Amino acid sequence: MRLATIRTATGNRAVRVDGDTATETGDADVRALLEHTDWRDRAAAAAGPAHQVADLDYAPLVPSPEKIICVGLNYRDHVLEMGNELPEYPTVFAKYAPALVGAHDDVVLPAVSDNVDWEAELTVVIGSSVRHATPETAKAAIAGYTVMNDVSVRDWQNRTKQFLQGKTFEHSTPLGPWLVTSDEVPEGGLPISTTLDGETVQSSSTAELVFGPVDLVVYLSTILTLNPGDVIATGTPGGVGHARKPPRYLTDGAVLVTTVEGVGELRNTCRAEKR
Ligand code: ZN
């Protein structure tokens, strides 16, 4: 199944997407849907108002997650291009909900930086609460996968050793368009890419992940309980603009397309912040 959160004239709604049609589930968003322990049956049986997929206005897949956990330096090719050694433990940082935008929304380039960069990421969505997960319970707790571009303000990210200030600028981070349930995501490595104005700038495979989704749920659930609607962005492959010589960054009007094959595609226009 594919599940999304859309904006309607009367507010956000969770929908099940089948082909050209999206059907409301009766929930305000995908997090609210996943908070039903029988969310699979509930979504499968949904028969609410229907919408044409071509007309959908996607909200961030989970507009207000309890947690947005991001993993840095988690692709072999990206770790090596940034001049780092393969990690013993995951690098973990967070974002806040105001950073999120929908799959086709504008990405805001903050006025205080000319160093805004792209990071395509396969993203895990949690479907049931889990603490101290084993690999088996971790797998069962994953509802499915979506796509994030962890748009990063590099000069702010690198002001200190902690990444957060460069990672959670308002309206910077597209998340969506939908969640594909785990049973429908192909096993093995998925092609992952970013294009900028049609030019491919990142192209890799999730087979390059150092810590995979199950590893990350096991690790993070040792720290705290993961809950329905929590998202874990698993890190980005090589090809980011900051590692290029000369470096390359996002500019006003650039069209950023972020794809994980078998999961989904984000298509966002970058817009300079207006104050
Ligand atoms: Zn990232």
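Of note:
- Per-residue SASA entry for ARG31, accessible area with 1.4 Å probe, Å² rounded to 10: 60 Å²
- The distance from the alpha carbon centre of region 35-114 to that of region 233-257 is 17 Å, rounded to a whole number.
- Candidates per GluC sites (Glu not before Pro) in region 183-240, loop by DSSP, up to 12 other Cβ within 10 Å: GLU187
- Shape class for region 138-177: oblate, because the ratio a/c of the largest to smallest gyration tensor axis (alpha-carbon atoms, square roots of eigenvalues) is 1.5 or more and b/c is at least a/b.
- Tensor-based shape of the chain (alpha-carbon gyration tensor, a/c under 1.5 rounded, otherwise prolate or oblate): oblate
- Candidate lysines - alpha carbon under 19 Å from LYS161, same-chain residues fewer than 8 apart omitted: LYS95
- Point-charge dipole on Cβ atoms (K/R +1, D/E -1) for the chain, about Cα centre, debye to 20: 660 debye
- Taking Cβ atoms as reference points and 9 Å as the exclusive limit, the residues near CYS270 contribute a net charge of -1, counting Lys and Arg as +1 and Asp and Glu as -1.
- For region 135-227, trypsin sites (Lys or Arg not before Pro) meeting the loop criterion (DSSP other than H, G, I, E, B) and having at most 15 other Cβ atoms within 10 Å: ARG159, LYS161.
- GluC sites (Glu not before Pro) within region 60-139, DSSP loop, no more than 12 other Cβ atoms inside 10 Å: GLU85, GLU88
- Per residue accessible area of the chain, 1.4 Å probe, in Å²: 43 Å²
- Under the simplified labelling scheme, the ASP18-GLN162 pair shows an inter-label distance of 4.8 nm, with each label point 7 Å from Cα along Cα→Cβ.
- Under a Gaussian network description of the chain, with springs only between Cα atoms under 10 Å, the residue in THR123, THR234, THR206 that fluctuates furthest is THR206.
- Label sites at GLU85 and ARG275, each approximated as a point 7 angstrom past Cα along Cα to Cβ, lie 4.2 nm apart.
The values are calculated or read from the model by the stated rules, or taken from the named source; none is laboratory data. This structure is a prediction, so every number in the text was calculated from the model and none was measured. FYI the Cβ positions are ideal-geometry reconstructions off the backbone, even for glycines, and counts take in every protein chain you see. The area values use the complete protein model at the heavy-atom level, side chains included, leaving out ligands, DNA and RNA. Shrake-Rupley method; radii C 1.70, N 1.55, O 1.52, S 1.80 Å.
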